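Novice: My structure is below; once you've seen it, I'll send some questions.
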Amino acid sequence: MQVEQTAEVETMTPEITVFGDGTRTTTKKEMVERIAASTNQSRTDVKRTIQAFLDEVIEELGRGNRLEFRDFGVFEIRERAARRAQNPKTLERVEVPARRTVKFKTGRLMKSRVEGTGE
C-alpha cells in the first residue's frame, strides 16, 4: 500500500485517507460492508437502503423540514443573511447573497460517544 504525505494529510491508496491527527475517513462503501456483515444482508440491499435513507434526508431538508433522530441529532435549515465580505487577495468588497444552509446539532448519545464519555 502506497502512502503519500503532505503537511496535513497522509493518503493511503486505495480509498483510505488518514489525517495528521490519526483520524481517518470512512466511506459509504465501508459502512455498507460493515452493516451487511453485521445484519447478514446482501451488500446490494444495504446499499439500496442507505441510499434511500440519504435521498429522503435530502428531500426533507430541501422542503425546509427539520429532521430529528433521537440520541443521534437534529438536522435543520438555517437562513444565512446577506452580507458584505472582502476578497483577501484584492481587498475588494463583495456582496455575499443570503442563502440556506444545513445545521446539525448532535444528540445526547452521539455527543457522549464523541466526547469519550459514552457507553
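The values are calculated or read from the model by the stated rules, or taken from the named source; none is laboratory data. Predicted model, so just to flag it, every value in this text is computed and none were measured. Positions of Cβ are generated from backbone atoms using ideal geometry, with glycine treated the same way; all protein chains shown enter the neighbour counts.
Novice: Determine if the range 47-66 includes at least one residue that is among the hydrophobic types (A, V, I, L, M, F, W, C) and in a strand (DSSP E or B).
Specialist: No, the range 47-66 contains no residue that is among the hydrophobic types (A, V, I, L, M, F, W, C) and in a strand (DSSP E or B).
Novice: Restricting the first residue to the range 20-41 and requiring it to be in the same structural domain as PHE53 (by TED's automatic domain parsing), which pairs with a second residue that is surrounded by 12 or more Cβ atoms within 10 Å (Cβ to Cβ) and at pLDDT 90 or above meet a Cβ separation below 6 Å and a spacing of at least six or different chains?
Specialist: VAL32/ARG43; VAL32/VAL46; VAL32/LYS47; ILE35/VAL46; ALA36/ARG43; ALA36/VAL46
Novice: So which residues in the range 90-119 are in a helix (DSSP H, G or I) and surrounded by 11 or more Cβ atoms within 10 Å (Cβ to Cβ)?
Specialist: ARG108, LEU109, MET110, LYS111, SER112, ARG113
Novice: Could I ask something else about it? For the range 77-119, enumerate the residues that are of a type in the set (Asp, Glu) and within 22 Å of ASN65 (Cα to Cα).
Specialist: Across the range 77-119, the qualifying residue is only GLU79.
Novice: Check GLU79 against each of (1) closer than 27 Å to VAL57 by Cα; (2) not in a strand (DSSP E or B) and name the one condition it does not meet.
Specialist: Evaluating GLU79 over (1) closer than 27 Å to VAL57 by Cα; (2) not in a strand (DSSP E or B) leaves (2) as the failure.
Novice: Let me ask another. Right, ASP45: touching a helix residue (DSSP H, G or I) at 6+ places or on another chain (Cβ under 9 Å), at pLDDT below 95 and either surrounded by 12 or more Cβ atoms within 10 Å (Cβ to Cβ) or not β-branched (Val, Ile, Thr) (or both) or not?
Specialist: No.
Novice: Kindly provide the set of residues from the range 24-39 that are part of a helix (DSSP H, G or I) and either among the acidic types (Asp, Glu) or within 12 Å of ILE50 (Cβ to Cβ) (or both), ordered by number.
Specialist: LYS28, LYS29, GLU30, MET31, VAL32, GLU33, ARG34, ILE35, ALA36, THR39, listed by residue number.
Novice: Just to be sure before I move on: is ILE35 more than 17 Å from the chain's Cα centre (by Cα), of a type in the set (A, V, I, L, M), surrounded by 14 or more Cβ atoms within 10 Å (Cβ to Cβ) and at pLDDT 95 or above in the structure I sent?
Specialist: Yes: the conditions hold for ILE35.
Novice: Looking at the range 73-82, can you tell me whether even one residue there is loosely packed, with under 11 Cβ neighbours inside 10 Å and over 23 Å from the mean Cα position of the chain (by Cα)?
Specialist: For the range 73-82, residues loosely packed, with under 11 Cβ neighbours inside 10 Å and over 23 Å from the mean Cα position of the chain (by Cα): present.
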